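> There's a structure below that I have some questions on.
The values are calculated or read from the model by the stated rules, or taken from the named source; none is laboratory data. Predicted model only: the values in this text are computed from it and were never measured. Every residue, glycine as well, gets a Cβ built from its backbone with ideal geometry; the counts of neighbours run over all protein chains shown.
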């Protein structure tokens, strides 16, 4: 079975939403009514010998989450007809990905962040090269992580840090010089849990 077949089969299964609160039993997620809608593009690059996932390193100049590893994505604009359109628009703005090169294959369950966003991960693939054209105000670097690396649950760790006076636990997964943690790592772990289960 190919990588895309495995992913499509996994996405067809029902699953519950995830959140930044999953590993923190004393924290209670807020009501859906208070959450802002957002979407990210979990982009599988099937061009070449093996499938990889395209990620970004956020600009150090950004006010929120500078230097963190993230999927292309952002909050929904009023002009976006749906959250898939949000993910595709953001990917075009951030890394220059033409929407017509993308084949959407499904969605992962929504992920609630500690910063009050309800993030819909849109899973898609490209099978050809494209000229990365990053927005330097938002993206410092664009890189690829092998799909098999993030499907191996042994590569994930649970770590902790102080945040607003509390010890908070979160998933992380390292790849070379990149430290992937927080919502991005949690979404990747959710993908691994569905594909490998």
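> Looking only at the range 77-95, how many residues end up being touching a strand residue (DSSP E or B) at 6+ places or on another chain (Cβ under 9 Å), free of Cβ contacts under 8 Å to residues at least 40 places away in the same chain and surrounded by 14 or more Cβ atoms within 10 Å (Cβ to Cβ)?
3
> Inspect the range 103-121 for any residue being touching a strand residue (DSSP E or B) at 6+ places or on another chain (Cβ under 7 Å) and farther than 28 Å from residue 9 by Cα and give the result as yes or no.
yes
> Are there any strands (runs of 3 or more DSSP E) wholly within the range 61-180 with 3 or more residues that are closer than 27 Å to residue 3 by Cα, and if so which?
Output list reads 103-107, 117-126, 139-146, 156-163, 166-175.
> Return only the number of the condition from (1) in contact (Cβ under 8 Å) with a residue 12 or more places away in the chain; (2) within 15 Å of residue 114 (Cβ to Cβ); (3) surrounded by fewer than 21 Cβ atoms within 10 Å (Cβ to Cβ) that residue 196 does not satisfy.
The number of the failed condition is (2).
> Please determine, by comparing only the residues of the range 113-124 that are modelled with pLDDT under 95 and at negative phi, which one is surrounded by the fewest Cβ atoms within 10 Å (Cβ to Cβ).
115
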